[in-house]
Amino acid sequence: MAKLKYNHVDFKAMGSPCTIQFYADSHKKARNTSRMVMDDVYRLEKFYSRYRTDSFLSEINRVAAIGGCITVDDETAGLLDYAATCYQQSDGLFDITSGILRKIWDFKSHQLPTEEAIIRIKEKVGWHQLKWARPVLSFDVPGMEIDFGGVVKEYAVDRAAALCLQAGVQHGIVNLGGDIKIVGPHPDGSPWRIAIRHPRRPDSVLETLLLQAGALASSGDYERCITLNGIRYGHVLNPKTGWPVRYLAAVSVVGELCVVAGSASTIGMLKESQGPAWLSDLGLPHLWVDVTGNVGGSLLKPES
């Protein structure tokens, strides 16, 4: 049996630094596996990017702008089904129509939107305002948008791990901008070490996880934010209020699938003060940090 060789491939996609680490028994298998994974990630980015006018997401949103309807493919239908489930299970907090709020929240301007602007734009937010009857998506309120930003990167991670296994790779890890899925442990059975950084101290590690399987996703207010009059406003926006969440600074969740871990971490953030209890009831391994620096969750190792 050929000796397994370690491979490390870095690339950029979906606005994030990405890495695939895996073991393969030949250069050819390593090259083909990394190319197959990257091609699929780039395919999803091209199809669902809100930054590209030629993406299918932009086509959907052009239809949404005039209050029309559109027939979608099976893959998009699967994402919409999942978004509908998340909306229901989060009591309307996980809402793929809320991306439009970014139009009034410009984190580079160092200005808060007016209350009037928030009230106006909230009229265009709400999954319940559109109709989803697979495979047809209909918009009764003109000017709405959908955004798969909270789902598609995590979905891409799960697909990447599945493609590795399909290619015969059984030991590896996929990391797309901090959304992670284990393909399998190191060949000797040892786990992958994954550091979770502190949301307020970028150089500080909050916890180190040892994972042989499963996925990890995190959500936090540290990616884009503004601070005004001593108050920090992050980019995780509550679709019901139009304002940033103010209770939790970061949430990390471990699950079997990255897409589940990702939506759970986002919902935990959106639940505000009820987030820790909601995460605990959910039963998935998790870690949270609130804005005052308190840390909790089942992944927190007791201090020795």
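The values are calculated or read from the model by the stated rules, or taken from the named source; none is laboratory data. Given the structure is predicted, the values throughout are model-derived calculations rather than measurements. Cβ coordinates were reconstructed from backbone atoms using ideal geometry, including for glycine residues, and neighbour counts include every protein chain displayed. Areas reflect the complete protein model, heavy atoms only, side chains present, ligands, DNA and RNA absent. Shrake-Rupley method; radii C 1.70, N 1.55, O 1.52, S 1.80 Å.
Amide H neighbours of ALA249 under 5 Å, counting only residues 5+ apart in sequence or on other chains, H built in-plane at 1.01 Å?
VAL289, ASP290, VAL291
Measure nothing fancy, just the Cα-based angle from helix 74-89's long axis to the longest principal axis of the chain, in degrees from 0 to 90, nearest 10.
70
Cα gyration tensor of the stretch 1-119, axes a ≥ b ≥ c as square roots of the eigenvalues: rounded (a/c below 1.5), prolate (a/b > b/c) or oblate?
Verdict is prolate for the stretch 1-119.
Above 15 angstrom, tally the Cα pairs of the stretch 191-246 and express them as a % of all pairs, no decimals.
61
Please give the direction-averaged projected area of the C-alpha convex hull for the stretch 95-230, in square nanometres with one decimal.
Its average projected convex-hull area is 12.0 nm².
So what is the calculated 222 nm ellipticity per residue for the chain, using -39500 (n - 2.57) for each DSSP H run with n of 4 or more, over all residues, to the nearest 500 deg cm²/dmol?
Taken over the chain, the calculation gives -9500 deg cm²/dmol.
Please give the charge dipole size of the stretch 111-226, origin at the Cα centre, charges +1 on K and R Cβ atoms and -1 on D and E Cβ atoms. Round to the nearest 20 debye.
Around 140 debye, computed over the stretch 111-226.
Provide the packing ranking of 112-123, 258-269, i.e. peptides ordered by the mean count of other C-beta atoms within 10 Å per residue, highest first.
Packing proxy ranking, top to bottom: 258-269, 112-123.
By how many nm would the segment from LYS28 to LEU165 grow when fully extended, if each residue of separation counts as 0.36 nm and the alpha-carbon distance is taken off?
47.8 nm
Per the 1.4 Å probe, what fraction of the accessible area of the chain, in percent, lies on carbon and sulfur atoms?
Heavy-atom surface of the chain belonging to carbon and sulfur, 1.4 Å probe: 52 percent.
For LYS3, list the lysines whose Cα falls under 26 Å from its own Cα; do not include residues on the same chain fewer than 8 positions away.
LYS28, LYS29, LYS181
Is the shape of the chain best called rounded, prolate or oblate, per the rule: a/c under 1.5 gives rounded, else a/b larger than b/c gives prolate, else oblate, with a ≥ b ≥ c the square roots of the Cα gyration tensor eigenvalues?
oblate
Hey, what's the stretch 57-153 come to in accessible area per residue, 1.4 Å probe, Å²?
Heavy-atom accessible area per residue stands at 47 Å².
Just to check I understand the Karplus step: with θ = phi - 60° and J = 6.51 cos²θ - 1.76 cosθ + 1.60, what whole-Hz values come out for the stretch 40-51, glycine and proline as x?
Values per residue, Gly and Pro as x: 6, 4, 5, 4, 5, 4, 5, 6, 10, 6, 7, 8 Hz.
How long is the gain from GLU75 to GLU123 if the chain were fully straight, where each residue apart is worth 0.36 nm and the alpha carbon distance is subtracted?
Going from the current span to full extension adds 14.4 nm.
Which value in nm describes the separation of the simple spin-label points at HIS110 and LYS3, placed 7 Å from the Cα toward the beta carbon?
5.7
Distance from the Cα centre of the stretch 37-83 to that of the stretch 148-190, in angstrom?
22
Net charge within 14 Å of ALA277 by Cβ-Cβ distance, Lys/Arg positive one each and Asp/Glu negative one each, not counting ALA277 itself?
Here the charged neighbours net out to -3.
Can you tell me how the stretch 43-109 classifies by the Cα gyration tensor, rounded, prolate or oblate, using a/c under 1.5 as the rounded cut?
Since a/c reaches 1.5 but b/c is at least a/b, the shape of the stretch 43-109 is classed as oblate.
Which of the chymotrypsin sites (Phe, Trp or Tyr not before Pro) found in the stretch 81-163 are loop residues per DSSP with 16 or fewer other Cβ atoms within 10 Å of their Cβ?
Here the sparse-neighbourhood loop sites are PHE107.
What is the packing order of peptides 245-251, 210-216, taking the mean over residues of other C-beta atoms within 10 Å and listing the highest first?
So the peptides 245-251, 210-216, ranked by packing, come out 245-251, 210-216.
Roughly what angle does helix 56-65 make with the longest principal axis of the chain, taking Cα atoms, 0 to 90 degrees, to the nearest 10?
In the chain, helix 56-65 runs at an angle near 10 degrees to the longest axis.
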